[in-house]
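Encoded as structure tokens, the structure appears first; notes follow it.
The values are calculated or read from the model by the stated rules, or taken from the named source; none is laboratory data. Quantities reported herein were computed from a predicted structural model and do not represent experimental measurements. All Cβ positions, even for glycine, are placed from backbone atoms using ideal geometry, and neighbour counts span all protein chains on display. Ligands, DNA and RNA are stripped out before the accessible areas are found, and what is left, the full protein with its side chains, is counted by its heavy atoms. Shrake-Rupley method; radii C 1.70, N 1.55, O 1.52, S 1.80 Å.
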Amino acid sequence: MRIKTLEDLEKAREIGTRSLYPSKTKIMVGMATCGLAAGAQQVYDALLDEIDKRELDVSLGQVGCIGWCCREPLVDVLVPGKPRITYGEMTAQKVPEVLEALARDEIAKELAIGRLDGDENLIEGTRRSYLAGGTGTTNTIPLYKELDLFKNQLRIVLRNCGFIDPKSIDEYIARGGYLALYNALTSLSPEEVIDEVAKSGLRGRGGAGFPTGLKWKLTRQAQGDVKYVICNADEGDPGAYMDRSVLEGDPHSVIEGMIIGAYAIGATEGYIYVRAEYPLAVEILTTAIQQAEEYGFLGENIFGSGMDFRIHISKGAGAFVCGEETALMASIEGRTGEPRPRPPFPSQSGLWGKPTNINNVETWANVPVIIARGGDWYHQFGTERSGGTKIFSVVGNINNTGLVEVPIGTSLGNIVFDIGGGIPKGKKFKAAQLGGPSGGCIPKEHLNVPIDYTTLQELGAIMGSGGMVICDDDTCMVELARFFLNFVQEESCGKCVPCRVGTKVMLEVLTRITEGQGQEGDIEYLIELGEEIKRSSLCGLGQTAPNPVLSTIRYFRDEYEAHIRDKRCPAGVCQDLVYAPCQNECPAGQNVPAYVSFIGEGRFEEALEVILDRNPFPSVCGRVCDHPCEAKCRRSQIDDPVAIRELERFAADYMAAEGIPSAIYDRLRAETDGQKPKVAIVGAGPAGLSCAYFLARLGYRPTVFEKLPVAGGMLAVGIPEYRLPKDVLNREVEFIEKMGVEIRTGVSVGEDVTIPELYQRGHEAIFIGVGAHRGRKLNIPGENLDGVVDAVDFLRAVALSGHRMWVGHRVAVVGGGNAAIDVARTALRLGADEVTIVYRRTRNEMPAQRSEIEDAVAEGIKLELLVTPAQVISQNGAIKGLECLRMRLGEFDRSGRRRPEPVEDSRFRLDVDMVISAIGQIPDTTPLLNGLGLELDRDGTIKVDKDGRTTVPYIFAGGDAVTGPATVIQAIAAGERAAVAIDQYLSKNNSKVYLWRETKSPDTPFDPEAEPVPYGRLETTKLAPDERQSGFAEVEEVCTRKAAVQEALRCLRCDYREEQAAEVPAETGVLALAEA
Amino acid sequence: MINITIDGRKLQVPEGLTILEAARENGIEIPTLCYHEALEPYAACRLCVVELEREPKSQLVASCVYPCEEGAVVHTDSEMVRRSRRTTVELLMASSAHIPLIQELAAQMGIAEPRVRLESNDCILCGLCVRACKEIVGVSAISLVNRGVDKKVKPPFEIASRDCIGCSTCVFVCPTGAIKLEDIGEPKLVHHWASDFQVVQCRICGDHYLSPEPITDYERLFAEGA
């Protein structure tokens, strides 16, 4: 059938409409490569079989990919008069369930993931309802536009993908296909076509973003009897597959775009350069071209307009560089795919020396819509300088992976969090790599940035083809840069020196950095070389190749420095630098695999000794540590992380009950020489006591001065007893004392004695670890009233009074951190009837530990989220309420979180009689530091180097007084670092080796070939919530010996290296398990 | 004629000249490695880069291919150009610091040692041999194969090419001595590309070799009066 007139087109449309929307049930399977890879062919075959077996009168069809990649394979069912239902993650086994539901005239609700009540014909601006003649829709399955992945999308290029059979030209025509071509050829001059495209603000979607209208105009104006148009379908960026999706799902949109372009430019031949690794795309394109020829859209005298045009397919052999236009043309011509210098530009001298216009798949697919709806219509989307939409393939560490088409100018945060659904497993967003190996990364500080060609360039990234790789905090940015550089280095054509040799040299430098062989000056060399490669290379590949390196250095330079200077990979990725991810992540560097595997062997004494080697507070940390180690545990890739904290507690509690053998003390003492200088420590918190402990192990006899009547600092007066019983804390304080530490409580340094006086009395070094014991102010009216209390003051008073404290009946706690939760749960235990936590962001953003929040909620504490206090209301001096404002989340701030903004006219009152503020603490260092001349940071914390040295040589500091409120384990680590620094200072020896810093694998057996044990993480026993409120009994019980051994065997032993294999004894952990 | 400013000198040059040609004709020296007057320019070594003033910022272009444009302002020895050339030479030194030609360039730029060393290689992939074989000899017996650092000059499938006529043009044009001839005893000679030839000695200088085949061709051509 040759189509010459609008009437002919109408006839084809009728055929297509009947096949798109038949009068009987239609089942469609998404069968693009992505669907096939997920098993769509088996699903299709099963459907074919079952339909046949059940003698169902349904039509079965194939469609392209709708872009919902994380739920493939997808099957859509369209029953006339009913909504179209999408079934996700289909398998052959699930097919009967869907068909049985269909036979019952029902939906298989368990499998259904989305519904559509109609679809839109974008070309003609019309909508077709599926519900006509039916009984209405169903509300049980969410509409596509209610789904995160789809609700903010605007699908112009992807208009037909997943809706039509890519091998049916009639279905394409039924959705307005080739109407734009008809209009262009019959009623627009070539110049008018170019004008519309220029007006649309369309820029090249291949990455460089050259204005498409201008490119067409230049090629049209070029002298030449023969001109060409080319479609660049050599999609090759790792992680980018939108072009493939369009070619496989809607090939005619590209062909129609090319014919319109050829008309505008005056070309008679076109080429689609598609990589041979896309066999399905090639097959579908071949069919589509044939069909277009049969219908007369390609060939001679198209639509009777006198225009002749043909399209050829040219298959690329997979060289990345052939995506570069001059290399691409060389490849079509049959020459080596090497770029050549420009000028001359292809618009002047391109394929076979003739004027040539190259656009990529996505650009061409936009053209029919622009011509059908007009450039102005198209340009209402996007930004002023860049109209329309862009498809991103969102991949990596993100919940909703898939193809996302959004208006240009949409913010990165919007794509990652709203459409992408955020980061899986509660991890944090670290950066997005845009534009593949030619692009750069964008860190969380810039989530707010509108994605546009120019803004991305300013940030050191590029739009590129639209690959968007999302990285969570488990990604090492140095390794990421190395990965991409390795890619371009292999794909460099090798013609010009900067690209060929330069990328190789950069790769060598990056490799040595990730292997722990980095040198000072490497970062500077990478920058210098990278800039030169960009400036000097011949083509776009080399001119962009250093981008991933330069942008990761720009935003994550500290990570490079950690690799080079500290031989540390902060993300725990680089194998040569990481003993095990848990150990790497622990601020104190505890040898987790060692003590876990000792527990697995029933060797509890050794387990405890391993812990004590880096941490004098195993019972404390076993209860209250925020366990960053568990967040990095690789076991979570199978099920859940090993309960590392619980195991630490078990080892400590078990050995405390057994009695710690005195031999441990001897073994922990590295030096027994008592002739060391005197050292004074100010503050008996975790930092001070840790510093004292490590000094004692080095043979010092340090004296700790504590202002309060008890030792332990925040552990004693900050953390409530239901989390950390006093006798548990005291047992560890006593242990430290036994190691040779003297603690003098009730001495306020700064008041009773000054630091210079201590120095004069022979304390040759002094460590300050005074904590952060002063609460931040709310800065709202009424906060100075009686009944408005600060969290740290409150908790301290509760602890020191032995839980004899007045609380209100209805208490409001302001804040979202651990202190807020501690205060709320304490207030409840002291008899408050109702406790409400007021927090200005959402629960997801609360800095408190997840488990703490869950426990608090279980105990009946209310969360008022997205609320901020505005004023404390009082009457006759008594508090009557807390006036609050509702908040909503606005734009992303530089912390990568959405900034809360007040909602207008949202004032409301919480009926409370006590308000406790828990919005943060600051160190209170007067009069302690008066006259010392110590340099402070702007927030009042003490300035130190990474080992705790202050600006006064004999004074060292660590813990909250340096960092602001932080975790126990960070304070312990700071104490250890300062102890080493003090020893180096006093012994005038910087090269001394500190034995506990050498992390060694344990001599426990491990079989790397064995399957990991199959069971899940241990569950701890907790006091029932109603039993908790009556007092301060510890909530969480220690696990049993058997449970601990079992749990320990879940460890995957990331510390294991092949070289160890010979040393493994025959015994296995199963023996210990049997004993337990 | 086209007006162009090179290193502050206002010049008038005929249309169609590259910047390199215009500069050399006017006595301005620009270093090159992959350029040869007798061959199509290739723009691969990037040693001939010059700074072209542009808005909003200058750019580096390969002078061997970049045409003289009306009103262009070009610098052949600016800081930007020198930095780029230094980098290029240092990169070439990574594999070829032992080549006298590279040593000479390094000395000119004051580079003692490259910061990173790669596997040693005599060939700098300037492509002169390949272009000479194609454009001058007209046989394309050798070409560049593979990509990136694996790129090398080879006959097809790395076996002796039947198209090679043993003319030694590649040997002659090679700037680094990477392409060699081996005398395996009169009157045979093995070519770098594993082709061996019966050769004849020049009757006058005694130095140069040529395989008998082209001699026959020449004799035929002379006889035909070409």
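Observations on the model:
- Condition met for A:V993 (out of contact with any Lys or Arg (no Cβ under 7 Å at 6 or more places or on another chain) and either free of Cβ contacts under 8 Å to residues at least 60 places away in the same chain or in a loop (DSSP other than H, G, I, E, B) (or both)): yes
- Taking every residue in the stretch A:1035-1055 that is assigned to a helix (DSSP H, G or I) and pairing it with any residue that is open to solvent by 50 Å² or more (accessible area, probe 1.4 Å), at least 6 positions away or on another chain, the pairs with Cβ-Cβ distances below 7 Å are A:R1041/A:Y654.
- Residues in the stretch A:178-188 include at least one that is free of Cβ contacts under 8 Å to residues at least 60 places away in the same chain and either open to solvent by 20 Å² or more (accessible area, probe 1.4 Å) or of a type in the set (V, I, T) (or both).
- Members of the stretch A:428-475 found to be open to solvent by less than 10 Å² (accessible area, probe 1.4 Å) and not in a strand (DSSP E or B), listed by number: A:G435, A:G436, A:P437, A:G439, A:L447, A:I451, A:L456, A:A461, A:M463, A:G464, A:G466
- Within the span defined as the stretch B:52-65, every residue fails to be facing chain A (nearest Cβ under 10 Å), closer than 25 Å to A:T336 by Cα, open to solvent by 20 Å² or more (accessible area, probe 1.4 Å) and out of contact with any Pro (no Cβ under 7 Å at 6 or more places or on another chain).
- Scope the stretch B:60-85; condition more than 11 Å from B:R46 (Cα to Cα) and not hydrophobic (A, V, I, L, M, F, W, C); matching residues: B:Y66, B:P67, B:E69, B:E70, B:G71, B:H75, B:T76, B:D77, B:S78, B:E79, B:R82, B:R83
- All positions within the stretch A:520-563 that are charged (D, E, K, R), more than 15 Å from B:L60 (Cβ to Cβ) and open to solvent by less than 20 Å² (accessible area, probe 1.4 Å): A:D522, A:E559
- Some residue of the stretch B:19-26 being within 14 Å of chain A (Cβ to nearest Cβ) and of a type outside the set (D, E, K, R): yes
- So B:E79, is it without any contact (Cβ under 8 Å) to a residue 40 or more places away in the chain and closer than 20 Å to B:L105 by Cα: yes
- Among the residues of the stretch A:509-528, those that are within 10 Å of chain B (Cβ to nearest Cβ) and closer than 16 Å to A:F484 by Cα comprise A:V509, A:R512.
- Restricting the stretch A:478-497 to residues that are farther than 11 Å from A:L541 by Cβ and within 7 Å of another protein chain (Cβ to nearest Cβ) leaves a set whose member that is surrounded by the most Cβ atoms within 10 Å (Cβ to Cβ) is A:V497.
- Taking the stretch A:747-851 and the helices (runs of 4 or more DSSP H) fully enclosed by it, the elements with 3 or more residues that are open to solvent by less than 30 Å² (accessible area, probe 1.4 Å) are at A:791-800, A:818-829.
- Being surrounded by 24 or more Cβ atoms within 10 Å (Cβ to Cβ) and either in contact with a helix residue (DSSP H, G or I) (Cβ under 7 Å, 6 or more places away or on another chain) or free of Cβ contacts under 8 Å to residues at least 60 places away in the same chain (or both) holds for only one residue in A:A233, A:A198, and it is A:A233.
- Search result, residues across the stretch A:11-59 that are surrounded by fewer than 17 Cβ atoms within 10 Å (Cβ to Cβ), among the hydrophobic types (A, V, I, L, M, F, W, C) and in contact with a strand residue (DSSP E or B) (Cβ under 7 Å, 6 or more places away or on another chain): A:L48
- Taking the criterion of being surrounded by 18 or more Cβ atoms within 10 Å (Cβ to Cβ) and either in contact with a Cys (Cβ under 8 Å, 6 or more places away or on another chain) or at negative phi (or both), the residues of the stretch B:155-168 that qualify are B:P155, B:S161, B:C164, B:I165, B:C167.
- Residue among A:A1044, A:A1048 that is over 30 Å from the mean Cα position of the chain (by Cα) and closer than 22 Å to A:E646 by Cα: A:A1044
- Residue tally, condition within 14 Å of A:V361 (Cα to Cα) and of a type outside the set (K, R), over the stretch A:261-276: 6
- Residue count for the stretch A:996-1034, restricted to those that are part of a helix (DSSP H, G or I) and either without any contact (Cβ under 8 Å) to a residue 60 or more places away in the chain or farther than 30 Å from A:T951 by Cβ (or both): 4
- Count of the stretch B:102-125 residues which are open to solvent by 30 Å² or more (accessible area, probe 1.4 Å) and within 14 Å of chain A (Cβ to nearest Cβ): 9
- The listed residues are A:N139, A:N160, and the only one of them that is assigned to a loop (DSSP other than H, G, I, E, B), polar (S, T, N, Q) and touching a helix residue (DSSP H, G or I) at 6+ places or on another chain (Cβ under 7 Å) turns out to be A:N160.
- So A:R340, is it at pLDDT below 95 and not small (G, A, S): yes
- Filter pass, A:D148 being open to solvent by 40 Å² or more (accessible area, probe 1.4 Å), within 30 Å of A:V416 (Cβ to Cβ) and in contact with a helix residue (DSSP H, G or I) (Cβ under 7 Å, 6 or more places away or on another chain): yes
- Just one of the listed residues (B:V137, B:V149, B:V153, B:V73) is in contact (Cβ under 8 Å) with a residue 12 or more places away in the chain and assigned by TED's automatic domain parsing to the domain that holds B:L20, and it is B:V73.
- Condition check for B:C167: more than 21 Å from A:S492 (Cα to Cα), at pLDDT below 95, more than 9 Å from chain A (Cβ to nearest Cβ) and not in a loop (DSSP other than H, G, I, E, B): no
- Screening the candidates B:T88, B:T76 for the property of being out of contact with any Phe, Trp or Tyr (no Cβ under 8 Å at 6 or more places or on another chain), away from chain A (no Cβ under 12 Å) and over 16 Å from B:I179 (Cβ atoms) yields one hit, B:T76.
- Which numbered condition A:V395 misses (of (1) more than 14 Å from A:G67 (Cβ to Cβ); (2) within 22 Å of the chain's Cα centre (by Cα)): (1)
- Of everything in the stretch B:126-143 that is open to solvent by 30 Å² or more (accessible area, probe 1.4 Å) and in contact with a helix residue (DSSP H, G or I) (Cβ under 9 Å, 6 or more places away or on another chain), the residue that is nearest to the other protein chains (Cβ to nearest Cβ) is B:S143.
- Test: residue in the stretch A:650-662 that is under 43 Å from the mean Cα position of the chain (by Cα), open to solvent by 10 Å² or more (accessible area, probe 1.4 Å) and of a type in the set (D, E, K, R): yes
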